[in-house]
1. Suppose R0 equals 51 Å. What FRET efficiency, 1/(1 + (r/R0)^6) with r the Cβ-Cβ distance, do A:Ile252 and A:Arg47 give to the nearest 0.05?
2. For B:Lys24, which aspartates and glutamates qualify as cross-link partners when the Cα separation must be under 15 Å and same-chain residues fewer than eight apart are set aside?
3. Work out the FRET efficiency for A:Ala217 and A:Phe110 from their Cβ-Cβ distance, taking R0 = 56 Å, and round it to the nearest 0.05.
4. Return the inverse of the average 1/r over all pairs of distinct C-alpha atoms in the protein assembly as shown, which is the Kirkwood hydrodynamic radius, in Å to one decimal.
5. How far is helix C:227-254 tilted, in degrees, relative to the longest principal axis of the Cα atoms in chain C, given as a value from 0 to 90 rounded to the nearest 10?
6. Measure nothing but the geometry: give the 0 to 90° angle between the long axis through the Cα atoms of B:173-188 and the longest principal axis through the Cα atoms of chain B, rounded to 10°.
7. How much of the DSSP bridge set in chain B is antiparallel, in percent, rounded to the nearest 5?
8. Please give every one of the lysines within straight-line cross-link reach of B:Lys219, meaning a C-alpha to C-alpha distance under 16 Å, and leave out same-chain neighbours fewer than 8 residues apart.
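Read-outs throughout are calculated quantities, based only on the coordinates presented, and are distinct from any laboratory measurement. Keep in mind it's a predicted model, so treat the numbers as computed, not measured. Cβ placement follows ideal geometry from the backbone for every residue including glycine, while neighbour counts extend to all protein chains displayed.
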Amino acid sequence: MSSHPLLVFALALAVAFAAGGRLLVEEQALRRETGSVLKHLLGESRRAFALHVFLKADAYFHQGFYPSVFDAPVAPEAKTHLVEATEDNHDHQHNHGHAHNQHRDWLEAFGCHFQPAEHRHLEGLGQAREILPWLRLAAELDPQRVETYTVTAYWLRERLNQVKEAESFLREGLRANPDSYEILFELGRLYAENDRDVPRARIVLELAIEKWLRQEASKVSPDHVSYRQTLGQLAALEERAGNLERALAHYIRIYQVSPNPATVQKRIEELRAKLAAPQKPPP
Amino acid sequence: MEPTVATENLRVEYRSRELGLATKVAVQGLSLTVAPGEVFGFLGPNGAGKTSTMNVLLGFVPPSSGAARIFGVDVREPIARQRIGYLPEQTYYYKFLTAEELLHFYAGIFQIPPAERSARVDQVLKLVELDHARKRQLKTYSKGMQQRAGLAQALINNPDLLILDEPTSGLDPIGRMKVREIIQRLKDEGKTVFFSSHELGEVETICDRVAILHQGELKAEGRVADLVAQHAASLEQVFLKLVGYQPQP
Amino acid sequence: MNTIWSLAKVVVLEMVRRKDFYVLFILTVLLTGTAGSVNLFNDRSIVRYLKEICLLLIWLSSLVMAITCTARQIPMEREQRTIFPLLAKPVTRGQFLLGKFLGCWLAVGMALAVFYFFFGLVSASREQQWPVLNYLQAAWLHWVMLGVVVAFTLLGSIVFAAPSSNGTICFVVSAGILLLGRHLNKVALGLPQPWQSLLYGSYFVIPHLELFDVRELIIHNWELIPWGMVGLATLYAAAYAAAFLLAAIWVFRRRPLN
């Protein structure tokens, strides 16, 4: 061996290149399979980080004034205020544990001067953009967390007037969660309310209903809230487009699952009356 | 005239973990004086107690019993060190400083007025022949240059007493000669020099008086000429006799 | 005072000539720049996350600098034996320690000034506003907090043998107080006696470094802290720093130099 140093060197070089190439191929395959760098680094613990980061967005929404894990425990099913703000009937019944003027000792009273001590929201024009980086990161960490996409899309679309970005983000969410009726609903809502693209909105919303029926209909406690929202959006869409019969069909389906059937019944009768009224001839 | 350095029954003990908390007596019953303007040699084999004595004089270690005074002030008072210059055996200075910065730093410690400081630094650097390298960091210096920088910091406050620990250790013959010249010049200026050395030839040449220490006890003290005459031998032979060295037959 | 000031200047010079600060600053700039270059929904005016990342890096860097710089002072003086020619001069051990404290504190203060100036540039580049007084308050409180950290690290450097163990302990203690200090009372109230009293007692005894962490106020553009409160916080920090320094001087006087 020692009498042929060049041969040894060439052999070592060949082995090094082969190993490097093999590793590169494996790394690319792994990347295709599992996605981002964060997934490689954190593994499944990224989901816990994703929740923390999502709550960070909520903390940013409150300009830093936020309970810690040591404060009064919050029920698991409780929603963050970020999420509540996206719902039509949300009420600002915020409670962040004990009020800021109730202190356990003088040190705590002194310390409140050095941290946010008042309940505030990001209300100013465009200020809500500050929560976006954390929502982006939360989606990166846990792409299967559907709520991240729907909440982010709401804020982009409704509060920041960034409709294209909202659509792009929802589509990204759909790629990671192809069966998500929630994301389809948000996308449909975007097409209906922002783009005014009725055919497109109809296709997406009907697909959302289809997926809901496949996933939820057979459950003991299905997610009727999402179902009603999607049907309601479809009904409103058809009504605006003048397709009253279709709208009526959707309202009848809503009636079957509504907690307020009287209200829905009223809407159904209004539509029936419109349908029954003679068509006015054009002038 | 009050002695520059005076010790009275000085005793220094150390408690060591290695000795199982037993006490090691480094210096016992040491009483000596150094008169102003003298060049005093402090001799002894390794472990004789020379460094311990110097540590007491410099305030590093408190005496276990007895007293030590410099210019009549107890050595435990910081003011006792206002008029002394100390040159340790090894070069223990901040390697990231230049010679100029080091001297300005020590001049600040001695509270030399700023107006006087630069002149004093220049003077001392010229004396030790480091003017050409004053802007270089000490870590770039050779051993000889570092030793000279050490001498410079020992002289920065124009001390009345110089305590030198093996001042020529590790120096080449030219370096040793330069140190001897500086000591002689200081003596001519009326300064007192107290130094320890293993170079008996050097001590014989420049010292007025010497003290010989062995196992913490003072074995002899006096003028070199008197000791040589008393024992009818060279200083080296006197030293070997007093420390109990028996030559191999 | 001149002696203490002379000693402090040497420590500052050492810090300037070491590479620690430059490495940490460049790292901060690079990481902040990377975070700022991320495309977030095509919106270039999002700034708060960037401020948070930048301030976090500044806090981490400043803690690392303060603790590592201070932790090595006394052990290095002993190891390289530079303490001997120094204490052979008319310098007391107390002055020596105070000089080291002042030097380390001033050095991290200078570093903080550079860091906060960079932070101001980063936030102004997106916010087009420069709340100078708010930043000054934050920087001042940060610096004052680091005075406490330097003081207890100095005490640790005399008590503990190795700078690495002292550094680790001080870093863990600082991080622990910053993260958990304000919550100890809540945890204590949930414990049975005697643990409740012990923990509540500790809550009052520890220096509450987290009081000086006003990053949330800066990130979210809250109003200025009342200057009286800033003054009281400064006094609080000064009291703790003084206590740690006195303890350090007391211990150092009783320790042999070698």
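1. 0.80
2. Within the straight-line cut-off, B:Lys24 pairs with B:Glu13, B:Glu217.
3. The formula returns an efficiency of 0.45 here.
4. Across the protein assembly as shown, the inverse of the average 1/r is 33.5 Å.
5. That helix lies at roughly 30 degrees to the long axis.
6. Taking the Cα atoms of chain B, the angle to B:173-188 is about 90 degrees.
7. Here the share of antiparallel DSSP bridges comes out near 55 percent.
8. B:Lys50, B:Lys241
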